[in-house]
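Below: one structure, written as structure tokens.
Each value in this text was obtained by applying a stated rule to the coordinates, not by laboratory testing. Please read all numbers here as calculations on a predicted model, not as lab measurements. Heads up, the Cβs are rebuilt from the backbone with ideal geometry, glycines too, and the neighbour counts pull from every protein chain shown.
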Amino acid sequence: MQNNGSLKGFLQSQMPAALEMLRQMVGINSFTGNRDGVNRLSRFTAECFAPLGFTAEFVPSTNKAWGEHLVLTRRGRSGRNIALISHLDTVFPPEEEARNNFRWQVEGDRIFGPGTHDIKGGSVMMWLVLSALRTHAPKLFEDITWKLIWNSSEECYSPDFSVLCRAHFDRQTLAALIFESEGRVGKVSQMVVARKGRGTWRVTVSGRGSHAGGKHPHGANAIVQLGQTVQRIAALTDYARGLTVNVATICGGTVLNRVPHEAVAEGEFRTFTPEAFAHAKASLLALAGRGEVRSPADGYACEVKVEMLVESRPWPRNPGTDGLFQLWKQSADELGLAVNGEERGGLSDGNLIWDAVPTLDGLGSFGDNDHCSERSADGAKLPEFVEASGFVPKAMMNVVAIRKLCGS
Ligand SMILES: [Zn+2]
């Protein structure tokens with residue numbers, strides 16, 4: 001590749017501005033439930049990208065408690081377009097940030113702070129990459145139509161974001177690139193090429209209450225039934241198939257002198273393949289119906305109800321994603337960087353869109369400890385951080401790969 005030296009120099013020259021942008025983003029609390037904060041971050045983000053020629057559209061969430069999604073568009077000379085995906089929200093309420101003094105804090109190469117790694121560092125990476133393309137590949141930058149789409153509520157389930165993204169995709173969409181941060185194994189960067197799907201469920205057992213002293217045989221004990229049902233649920237875990245089932249909460253009963261009439265358990269399951277997902281769901285639903293725990297007096301049986309709460313489909317390995325990964329791998333090879341593909345357990349917006357257009361995730365910079373705000377004196381517990389030194393090489397990899405994607 002030509003000009004990689006000057007590309008590196010350009011990116012280095014942009015880092016002070018990039019880190020100042022990140023500092024200001026981290027300073028705006030954007031907990032999913034903090035609607036005003038998410039909207040403030042959205043406005044600020046639009047201002048950051050305006051000098052690159054992007055115009056903003058703020059799209060209300062279907063859930064009125066959440067902020068607006070953000071779409072920034074820069075129309076190119078051709079219809080060929082690339083979508084860059086990030087999110088605005090974090091998992092940290094303002095009170096938690098204050099309680100743990102969790103804020104922008106630079107220590108050596110590490111920058112601690114809410115969202116530094118998940119995912120405000122990724123949003124800044126988008127700005128770096130587009131700035132570099134404008135300067136170092138101006139023809140490509142002007143040719144492509146860029147669609148930057150931020151989810152206001154990625155950390156909660158927001159199916160309307162899938163609809164929003166798909167409305168912006170068309171036959172000329174070359175890729176959806178997601179800027180969640182990369183993983184690392186040793187010094188090898190990990191791009192995300194698949195993610196587990198997740199199904200959450202609730203099981204409610206209705207028994208028959210009775211006096212535990214006077215009419216014990218009349219009762220059908222809902223807790224005893226649920227105890228048996230959750231054993232069957234736990235047994236659905238099948239590591240060989242990549243299916244895990246977690247019984248996560250359980251409650252039931254009221255006072256000690258009643259045979260309990262109700263008990264409830266909730267949990268989730270996760271898996272990489274649509275087949276195992278469908279199998280787990282069907283197996284759970286099959287547990288519904290009459291239970292085996294009955295009243296000794298008259299045979300009254302407990303009733304087991306199974307509900308699926310939220311279903312986030314798996315993002316399995318697929319040719320579209322693998323094709324994109326190969327471009328990133330070639331680019332890394334040319335730059336002397338080590339990269340690999342990772343199948344990750346956690347969800348992202350990739351789960352919502354991978355089947356619409358070729359999708360690759362993990363384009364953000366490296367960091368760690370996402371979703372943690374606590375710090376212990378001995379350093380065994382450290383909050384979320386991003387590494388400052390990772391931005392330039394990762395941005396180079398992204399720029400070179402996007403050039404390959406566009407055939408330039
Ligand atoms: Zn995220």
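Before moving on, here are some points about what is shown:
- P(r), alpha carbons of the stretch 83-227 - 10 Å bins starting at zero, rounded %: 8, 24, 26, 16, 11, 8, 5, 2, 0
- Nearest-ten-degree value, helix 319-335 long axis tilted from longest Cα axis of the chain: 40 degrees
- If the convex hull is drawn through the Cα atoms of the stretch 197-311, its volume per residue in Å³: 79 Å³
- When each of Lys120/Lys147; Lys120/Lys394; Lys329/Lys381; Lys120/Lys404; Lys8/Lys139 is checked by Cα-Cα distance, pairs over 24 Å: Lys329/Lys381; Lys120/Lys404
- Dipole-positive endmost among Val293, Val255, Gln228 within the stretch 197-311 (Cβ charges, Cα centre): Val255
- Computed from backbone phi with θ = phi - 60° and the Karplus coefficients 6.51, -1.76 and 1.60, the 3J(HN,Hα) list for the stretch 5-19 is x, 6, 4, 4, x, 4, 4, 4, 5, 8, 4, x, 5, 5, 6 Hz; x is used for glycine and proline.
- Using the Cβ-Cβ distance between Arg40 and Ala288 with R0 = 45 Å, the FRET efficiency computed as 1/(1 + (r/R0)^6) comes to roughly 0.50.
- The distance from the alpha carbon centre of the stretch 322-358 to that of the stretch 18-38 is 27 Å, rounded to a whole number.
- With the simple model of a label 7 Å out from the Cα in the direction of the Cβ, Lys187 to Asn100 spans 3.1 nm.
- Going by neighbour counts of Cβ atoms within 10 Å, the residues Cys372, Cys302 line up, fewest first, as Cys372, Cys302.
- Candidates Leu128, Leu327, Leu285: whichever shows maximal mean-square fluctuation once the chain is modelled as a Gaussian network with Cα springs under 10 Å: Leu285
- In a fully extended conformation the segment linking Asp298 and Ala248 would gain 14.7 nm over its present Cα-Cα distance, using 0.36 nm per residue.
- Projecting label points 7 angstrom from Cα along Cα→Cβ for Glu334 and Asp322 puts them 2.3 nm apart.
- Within the chain, percent of DSSP bridges classed antiparallel, to nearest 5: 70 percent
- Estimated FRET transfer efficiency (Ser408, Arg171; beta-carbon r; R0 22 Å; 0.05): 0.60
- Distance in nm between pseudo-label sites at Ala377 and Glu307 (7 Å out along the Cβ direction from Cα): 4.6 nm
- Centre separation in Å (Cα based) which lies between the stretch 148-221 and the stretch 85-144: 23 Å
- With Cα atoms, 0 to 90° folded angle of helix 35-49 axis to the chain main axis: 20 degrees
- Calculated mean residue ellipticity at 222 nm for the chain: -10500 deg cm²/dmol, from DSSP H runs with n ≥ 4 weighted as -39500 (n - 2.57), summed, divided by the residue count and rounded to 500.
- Alpha-carbon Rg/Rh ratio, for the chain, with Rh computed the Kirkwood way: 1.07
- Helix 274-285 and the longest principal axis of the C-alpha atoms of the chain enclose an angle of approximately 20°.
- Max mean-square fluctuation residue, GNM over the chain, Cα-Cα springs under 10 Å, options Met308, Met21, Met125: Met308
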